[in-house]
Amino acid sequence: MALDLADCETNYIVGQQRIVVGDCLQVLECLPAASVDVVVTSPPYNIGVAYRSYDDRRPRVEYLAWLTRVGAALRRVMKHDASFFLNVGATSIDPWVAHDVAGAFRDAFSLQNHIVWVKSISVGDDTIGHFKPITSRRFLNQNHEAVFHFTKTGAVEIDRLGVGVPFKHKSNIARWGHARDRRCAGNVWLIPYKTVQSKAQKFDHPAGFPPALAERCIRLHGDGPLAVLDPFLGAGSTLEAAHRRGCAGIGIEIDPGYARTSRDRLLALIPQV
């Protein structure tokens, strides 16, 4: 499904993906009501991340009030059965921020699922994945973030097996009457970052998430020609995931440099003739 942005300036179009440079609240006003199937995004966490065009240390009350307005704008453009996946993390000295952010969307949405995105986990003497280490005598390393799955009603059907896993014990397939060797994987997702050696390999963005996380959210909502939206596009992970899923997507990004990075990232995915 193509999104209509006739009243807004579309800065870049790459295949089915559109990138608009601007303030998300202003751009969201240009989108038609009930036009979006899936929102996947990660807003600024208000923890002092060094973005190029945004102050990430706003007064907490002002910051949360702004997110509440964003939530109302997103609800307007989402279809009745749409899904909104909100990724947000915290810091050791500000552990409440993720919960406060989720609470800012409480009046507009039902919290249907709370997913834990694990970046790194230690099993026995082995460690899988990566995390940003801290030096502290009080705190543990932050190895996970939250993904809040919001819907308008709390009753939206999802494709649990679309992100499922094979049964560990195959006898359970026939014994419990399952149609295939697939079961729900649950609400804890291990999705590590790829190992990188430089900022350029992270697309010069200080707070991106892996495209695999966005793709998993899209798959959980369901299959088909979905319209995907990310109002805080950053370096473009959500649109990369939408491209790989064959979905039409729109990303809104306030920083022109990050928007160009997203465009170049998408262009690199398209075979050159």
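The values are calculated or read from the model by the stated rules, or taken from the named source; none is laboratory data. Fair warning: this is a prediction, and the values are worked out from it, not measured in the lab. Positions of Cβ are backbone-derived with ideal geometry, glycine not excepted, and every protein chain shown enters the neighbour counts. Ligands, DNA and RNA are excluded from the accessible area calculation, which covers all protein heavy atoms including side chains. Shrake-Rupley method; radii C 1.70, N 1.55, O 1.52, S 1.80 Å.
Details
- Remark: the chain carries 52 Å² of accessible area per residue (probe radius 1.4 Å; ligands, DNA and RNA excluded).
- Screening the chain for whole DSSP H helices with an alpha carbon extent of at least 24 angstrom along the helix axis and a mean Kyte-Doolittle hydropathy of at least -1.0 yields 60-77.
- A 1.4 Å probe, protein heavy atoms only, puts the accessible area of Tyr51 near 50 Å².
- Structural descriptor for the range 14-151: relative contact order 26 percent, calculated from alpha carbon pairs under 8 angstrom and at least 6 residues apart.
- Cα-based convex hull, the chain, per residue volume (Å³, whole number): 162 Å³
- Other residues lying with their Cβ under 10 Å from the Cβ of Asn172 contribute a combined charge of +3, Lys and Arg counting +1, Asp and Glu -1.
- Helix content alone sets the calculated 222 nm mean residue ellipticity of the chain: runs of n ≥ 4 DSSP H residues at -39500 (n - 2.57) each, divided across all residues, give -7000 deg cm²/dmol.
- With every protein chain in place, the chain: carbon and sulfur % of accessible area (1.4 Å): 52 percent
- Heavy atoms of Val116 accessible to a 1.4 Å probe, total area in Å² rounded to 10: 40 Å²
- Among Asp94, Asp159, Asp255, the order of accessible area from largest down is Asp159, Asp94, Asp255, computed with a 1.4 Å probe on protein heavy atoms.
- ³J(HN,Hα), Karplus 6.51/-1.76/1.60, whole Hz, each residue of the range 112-126, x for Gly, Pro: 8, 9, 10, 9, 9, 8, 8, 8, 8, 9, 9, 10, x, 9, 10
- Net lengthening on full extension, Asp125/Thr91 (0.36 nm per residue, minus Cα-Cα): 9.7 nm
- Calculated translational diffusion coefficient of the range 1-155 (37 °C, 0.692 mPa s; Stokes-Einstein with Kirkwood radius over alpha-carbon pairs) equals 187 µm²/s.
- The calculated FRET efficiency for the pair Phe139 and Leu267, based on their C-beta separation and a Förster distance of 45 Å, comes to about 0.65.
- Overall, the chain carries a charge dipole of about 920 debye about its Cα centre when +1 sits on the Cβ of Lys and Arg and -1 on the Cβ of Asp and Glu, all other atoms neutral.
- Under 5 Å between amide hydrogens, built in the peptide plane, is the criterion, and for Ala82 it picks out Lys152 among residues at least 5 positions away or on other chains.
- Dipole of the chain, positive direction: furthest Cα of Gln112, Tyr12, Pro166, with charges on the beta-carbon: Pro166
- Using only side-chain charges placed at the Cβ, +1 for Lys and Arg and -1 for Asp and Glu, the dipole size of the range 124-194 relative to its Cα centre rounds to 80 debye.
- Choice from Thr238, Thr151, Thr127 showing the highest fluctuation, given a GNM over the chain with Cα pairs closer than 10 Å: Thr127
- Ranked from largest to smallest solvent-accessible area, with a 1.4 Å probe on the protein heavy atoms, Glu145, Glu9 come out as Glu9, Glu145.
- Each of Cys247, Val49, His221 was scored by the projection of its Cα onto the charge dipole of the chain, and the greatest displacement toward the positive side belongs to His221; charges sit on the C-beta of Lys, Arg, Asp and Glu.
- For the range 110-160, the residue among Phe139, Ile121, Thr151 whose Cα projects farthest onto the positive side of the dipole built from Cβ charges is Phe139.
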